[in-house]
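Working notes, beginning with the structure itself.
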Amino acid sequence: MNIPAHAPLHLLHTAAVGTLATHARQPEGFPYPSMLPFAPDPRHRPTILVSRLAEHTHNLHADPRAGFLVVDAPDGDVLSGQRVTLLGAFEPVDPTPEVVRRYLRYHPDAERYLVLGDFTFWTMRLERLRYIGGFGAMGWLGGAELDPLAPLSFDEENALIEEFSRSRVNAGGFQLLGIDRYGADLKLDGVRNRFAFDGAKPDIESLHSALEVCMQRHTN
């Protein structure tokens, strides 16, 4: 195994769309792949918003085991780009205000689906993952190995986002989408970016310092 430190975790924050592979009901047993947007939850696991009428939603109700593929190949060369395949089971998630608010920061257009009342949130319970980052950089990890640290709570993340957003109110085109102990997800002039910290930040004080560096680089 030769995986750069935290590379799979950062990849899950870089991409906005993934491929969900469920077990088809008809014809039974076949893989059923479909592409859809996702947002990383506080533990970096994909959270999806799906219609109750969608075929993949029916498949998940019958068998929640699934694969989820995320790829980052900005130059179009998939074999040289990064990709990670997640294996686990998807579980329905209550649409609490915190879950909805966080998802809509990543996908604001999804609000039109939420008002229909037909869409539900699901998050993957991760069992294993395989990361490939180019020749010689690949390997398997257990689900718990993705991030051994306790995640930020919704309240902690929201407080940091509000604080740093207020301090940059004049930075047009800049938006903080999410914060975790390893980096920050940003939107700059409509384009999503991942800012990776120089290491894990186990406390609020070190997070503050890392976010100050992030702000200086992106809003000056």
| Length-normalised contact order of the stretch 7-145 in % [C-alpha pairs under 8 Å, at least 6 apart] | 24 percent
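Take the alpha-carbon positions of the stretch 7-145, form their convex hull, and give its projected area averaged over all directions (one quarter of the hull surface) in nm².
On the way: hull surface 35.0 nm².
Computing the convex hull of the Cα atoms and averaging its projections yields 8.8 nm².
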| Are there chymotrypsin sites (Phe, Trp or Tyr not before Pro) in the stretch 47-147 that DSSP puts in a loop and that have at most 11 other Cβ atoms within 10 Å, and which ones? | PHE135
| Simple spin-label model, 7 Å along Cα-to-Cβ: GLU163 to ALA73 in nm? | 4.1 nm
| In what order do VAL78, VAL191 fall by count of nearby beta-carbon atoms within 10 Å, going from fewest to most? | VAL191, VAL78
| remark: Binned at 5 Å starting from 0, the alpha-carbon pair-distance distribution of the stretch 154-215 in whole percents comes out as 4, 18, 32, 28, 13, 4, 0
| task | Just subtract the alpha-carbon distance of ARG112 and ASP198 from 0.36 nm times their residue separation and send over the number in nm, one decimal. | result | 27.2 nm
| said: With +1 on the Cβ of every Lys and Arg and -1 on the Cβ of every Asp and Glu, and nothing else charged, how large is the dipole of the chain about its Cα centre, in debye rounded to the nearest 20? | reply: 320 debye
| Among GLY139, GLY76, GLY67, residue whose mean-square fluctuation peaks in a GNM of the chain (springs only between Cα atoms under 10 Å) | GLY76
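No value in this document is a laboratory result; all are computed from the given coordinates. What you see is a predicted model; the values in this text were computed from it and never measured. Virtual Cβ from ideal backbone geometry, glycine too; neighbours counted across all protein chains shown.
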